[in-house]
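Presented below is the structure to which this report refers.
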Amino acid sequence: MEDGGQTFALKGTNLITQLPSKLGASNKYVASMLLRESLLVSLGCVLQCSESGITLDSALAMADYLPDGSAVIAGSTIVQACLGEHWKDGGYRGNDPSDVDVFCTAKAAPMVRSWLVEKANCIFVGFRDHYIDSTDGRLAYTVDTKIHHVEHWGALEQNIGSDLERMNRWDYDRDTVADANKEGAGIDVETLKRTDYYKDALSFGRNCQKNYVDFKWNIGMSFDILGVDKDKAYNIKAKNNQLPFDFDGNGSIDLVVARREVNTPFALLDDFDLTVCKASFDGKKLLHP
């Protein structure tokens, strides 16, 4: 479409769309419904290929689980959905799916974490800071005063071996539960949540603020020498206080958390170089600037 900004609701009867004025009302509705279904299918395929743990069902659940306007999926995931493509980012295995980027306000962050745990069956695997270097242009994400920090999350089934024992990010040749399920193993989430690994992850999560978050923030993420951020780390917790955590885990979700004074996740998208990268999905609507 070339009519400027479009908003397409992807769920329920609250369908809002701006289509070329030459289309009649009934044709607009049919066109928007066709576009709705096409985008849903494409988004579902991109999320499935991401192996992040976030599925189309869990993405749609954002609308009911989170306050309106508090969190969005944006970046390359939505661009791929719009283009009907699936990208790879290389990664340590050489052919990993691209990350899924979720942007949220600081106030909504505990609810977003609970959504990732309960609806996407994910675990917290630490701050996304390993690629930062004082000469790296990507340091800009920290310098940008709208962003407080970026958390890394991964699918539970990607962090447990097919033998239901703990894995780590360097187990190149070992099958995960996700690998086993692709071959028809049928290991369900409830089974995974009864493992010793998951019980340990919940225990680690209860102590991660003291043992990981505050320590990590103070030694490597506040950049006081640059005057970038003298604020303490936010309390990394979930709404329901269930926060499975594995410092040695692996994942492909980046949760970008705004500073407290930022009231909308859309403010975090303003600095994208490409306008198409500002496209986002909140569980109801696909927003294209």
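Numerical summary
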read-out: Karplus (6.51, -1.76, 1.60) ³J(HN,Hα), θ = phi - 60°, over the stretch 72-85, in Hz, Gly and Pro reported as x; value: 9, 8, 8, x, 5, 4, 6, 4, 4, 4, 5, 8, x, 10
read-out: Entries in Lys216/Lys285; Lys107/Lys182; Lys210/Lys284; Lys193/Lys237; Lys119/Lys285; Lys193/Lys285 that, when Cα-Cα distance is taken, lie over 29 Å; value: Lys216/Lys285; Lys107/Lys182; Lys210/Lys284; Lys193/Lys285
read-out: Cut-off under 5 Å, modelled amide H: who pairs with Thr176 long-range; value: Ser162
read-out: Phi-based couplings in Hz for the stretch 113-121 (Karplus 6.51, -1.76, 1.60; Gly and Pro marked x); value: 4, 5, 4, 5, 6, 8, 9, 10, 6
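Here, each number is a calculation from the coordinates, and none is a lab measurement. As the structure is a computational prediction, the values presented were derived from the model and not from experiment.
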